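Comments concern the structure below.
None of the figures in this text is laboratory data; all of them are computed from the coordinates on show. On a predicted model such as this, the values are computed, not experimentally measured, just so you know. Heads up, the Cβs are rebuilt from the backbone with ideal geometry, glycines too, and the neighbour counts pull from every protein chain shown.
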Amino acid sequence: MQIQTERLVIRDYQQTDLEDIHEYGSDPEVVKYLPFGPNTREDSQNFLNRAMDKQKEEPREDYGLAVVLKSEDKLIGGCRISKASEREGNLGYILNRHYWGNGYATEATKSMVEFGFKELGVHRIYTDCHPDNVRSIRVLEKVGMTVEGTRREYTIMHGEYSDMFLFSILEHEWRAI
């Protein structure tokens, strides 16, 4: 599986990706608003093993993909879309902080939204975002997602209950962008 954007190659993970995955997954600043991490090397290897196992599933309904910067041929993050139900997709992304602020997360996320609607045939794509994660909120807004509401104390994040904003976009909204 591979998707090309202007500056990125979004592809299936490979065993050789471990070091780059661990670089961002072990960074406390990167995982600050995520319900995991900072990862140990074992955590990163387990993530990679699970992602590669999902590549073999038939039918495939979970696409956890590496985000590679074309100009450097470097894995700089990951993105994911999975079918949560027959008509609904769940979205996620993570990016090495040394590449924040360049529009790469938006570029990768746009490609996942398009893939969800065109290839997976979902009607609605959603994701959760921590209310303090201003950068991620901006990415979601740029790809046309809107806040449906707040999930109060929805998840445990780094040992504490945390609210999460629920963002979504519908297929007809995406087509109108």
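So how do ARG175, ARG87 line up by other beta-carbon neighbours within 10 Å, fewest first?
Details: ARG175 9, ARG87 12.
The order, fewest Cβ neighbours first, is ARG175, ARG87.
Cut-off is 10 Å between beta-carbons; in what order do VAL31, VAL113 appear when sorted fewest neighbours first?
On the way: VAL31 18, VAL113 24.
Lowest count first: VAL31, VAL113.
Step through the table entries LYS56/LYS118; LYS32/LYS74; LYS56/LYS83; LYS83/LYS118, compare each Cα-Cα distance with 19 Å, and write down the pairs that go over it. From the list (LYS56/LYS118; LYS32/LYS74; LYS56/LYS83; LYS83/LYS118), the Cα-Cα distance tops 19 Å for LYS56/LYS118; LYS32/LYS74. Each of PHE47, PHE167 was scored by other Cβ atoms within 10 Å of its Cβ. Arranged with the fewest first, they read PHE47, PHE167. Summed over qualifying helices (DSSP H, 4 residues or more, each -39500 (n - 2.57)) and divided by its residue number, the chain shows a 222 nm mean residue ellipticity of -8500 deg cm²/dmol. Simple spin-label estimate for ILE156 and ARG41 gives 2.8 nm between the two label positions (7 Å along the Cα-to-Cβ direction from each Cα).
Relative contact order (percent) for the chain, with alpha-carbon contacts under 8 angstrom and 6 or more residues of separation? Don't skip to the answer; put the middle values down first.
Details: 314 pairs, mean separation 32.9, N = 177.
Taking the mean separation of contacting Cα pairs over the length of the chain, I get 19 percent.
A value for Cα extents along the principal axes in Å was derived from the coordinates, and within the list (i) 45, 39, 33; (ii) 39, 36, 33; (iii) 51, 49, 23 it appears as (ii).
Indicate the helices, whole DSSP H runs only, in the chain that combine a mean Kyte-Doolittle hydropathy of -1.0 or more with a Cα extent along their long axis of 15 angstrom or more. The answer, listed by residue number, is 104-118.
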